[in-house]
Structures are given as C-alpha cells and as structure tokens.
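Asker: Got a structure here, written out as structure tokens. Questions coming.
The values are calculated or read from the model by the stated rules, or taken from the named source; none is laboratory data. All values reported here derive from a predicted model rather than from experimental measurement. With ideal geometry, Cβ positions are generated from the backbone for all residues, glycine too; neighbour counts draw on all protein chains shown.
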Ligand SMILES: [Fe+2]
C-alpha cells in the first residue's frame, strides 16, 4: 500500500493557530495554570500579543491518511530517538479546541521513518505516545525523518482529545524539494522549523474539532515601551527579558538572571531568582 493512494487536496493555510499559540504563550502563566512562573522559554518567533481569536472558522487541523506503517501500543514516552542516529529535532506545540481552549490530556501518538527513510515495523523505534499537559502543550524529542521513495519528509501523528474521535495526520517540513511533487503534501500542515545548536526546533499547534469555552482572555494590547534610562530600561510589566538584561526599578539597577516575561509581583526586589542588583 502506498501512502500516495489516498491523497487529499490541500484546503489552504492555517494562520489562526499562530495567533492561538501567541495568546497562550504570552498570557501570564498564573492566568492559565493558577501556578508559578514558567521561565526561560526562548521562542524567537513569538509575536506581540494579539487578541484571542474565535476558532469557529473551520480551520481545524487537516486530516491525512494513516499510511501503512502505523502500529498500535506504542510506548509512552516523549523521546523516541534515544540512541538513534540523525539530526536532532525537538517538536513542540499545543493542542486546542475550536473555541481556542487548550486541551489537557490529549493523546498524541507519533511515528516516523529513521534517518535512512525506514520504519521500524517489528519494534517501536521512533514510535511513542504522550499526553498534553494542563496548558495543552506537548514536546517530542526525535530526529529529522529521512526520505523514502514517493514521499516528501514528514512525521505521522494521531491526536485525540479525551472522549473524542482520533485525528490522523502528517506534519511537513518547509523548504523540502519534494513538497512540490508529493500529492499528499498539505501546506496547512507545515511545521515552523528552525536550525539551532545541535539540530532543529519545530513547532506545530493542533486544532481539534472539540467544542468548548474560550480561555480567559489575556491582555489584548501589547505592552508599551518603557522609557530608556542609561545602562538599561525601566522594568515594565509584560516585557520579555533575557538573561543579562539590565533594568532600573525604583532607581536601582538590576541584572536579569533568567529569561522570563515580567508580570505584577515579579518586580526586581521581590524575585531574587530573576533579578540581582547590579
Ligand atoms: Fe510515512
């Protein structure tokens, strides 16, 4: 059986999920979790905060065929390429419903070819399933899959919200020559991929046809740019700071110890884990 046999025509690009990602990532964490800060998320592609969109415009993640190589009962694990040669790839993202609500405990079951384009059909190399966390987030540690005849580069995944139908699809890599000739290829299923030290990082957010209530809306206006002061800027709620950044607060200069997005309660004197007097 060929994966080409049941090609499905592309239905256009997804742009709204990028807004969803931005809203979730940029929202103050306690608003989403009722928990402490998540520090150090470095995502160069985060855009200024956008209004939380409605997700009722039919842009759920497209289905694709399963293909001949799926195997049930994959191991529960987020790292599926331990000890397997290849270019390291970290894929992360969120699973949302159509009201933009993050879906916790969604099942994601990944399978893919190895560096030479071969699937492990006798064992479970490069196969694994996992569940989204409370934010609807997932992370997969793997390798860049190799090419095999008739297909462009891709990763297979099944995604299922609790008590909902399974979505079977495939994720694609931008800039692949075979994207132009593979009839299964769907540009709406392109991951965002960048090269980093040690390999690649990719992101993809899944939108499932799951009704729900929109999440608590984060602030809808970008933070204003604070006035500059010599040697740094004035600390400001909503600003993203990187390790080493310098700010002033109440006339005192501080140096950032860990990358984070500032929010009320995290003023420099209050959080020695984040700021050190400079
Ligand atoms: Fe495949």
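Asker: Looking at the stretch 148-159, which of its residues are more than 10 Å from the ligand (Cβ to nearest atom), closer than 13 Å to residue 118 by Cα and buried (at least 16 other Cβ atoms within 10 Å of the Cβ)?
Answerer: The answer is none; no residue qualifies.
Asker: Could I ask something else about it? Condition first: under 18 Å from residue 201 (Cα atoms) and in contact (Cβ under 8 Å) with a residue 24 or more places away in the chain. Now tell me which residues in the stretch 171-189 satisfy that.
Answerer: 171, 173, 176, 189
Asker: Of the residues in the stretch 81-118, how many are out of contact with any strand residue (DSSP E or B) (no Cβ under 9 Å at 6 or more places or on another chain) and farther than 22 Å from residue 152 by Cα?
Answerer: Qualifying residue count for the region: 3.
So that you can scan it fast, the table gives a plain yes or no per residue for (1) outside the structural domain of residue 139 (by TED's automatic domain parsing); (2) under 21 Å from residue 145 (Cα atoms); (3) within 15 Å of the chain's Cα centre (by Cα):
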{"position": "159", "(1), (2), (3)": "no, yes, yes"}
{"position": "171", "(1), (2), (3)": "no, yes, yes"}
{"position": "196", "(1), (2), (3)": "no, yes, no"}
{"position": "216", "(1), (2), (3)": "yes, no, no"}
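Asker: Let me ask another. Please count how many residues of the stretch 203-238 are part of a strand (DSSP E or B) and either at pLDDT 80 or above or surrounded by 16 or more Cβ atoms within 10 Å (Cβ to Cβ) (or both).
Answerer: 6
Asker: Further, regarding this structure: Taking the stretch 104-143, which residues are touching a residue at least 40 places away in the same chain (Cβ under 8 Å), within 16 Å of the ligand (Cβ to nearest atom) and surrounded by fewer than 20 Cβ atoms within 10 Å (Cβ to Cβ)?
Answerer: 121, 124, 125
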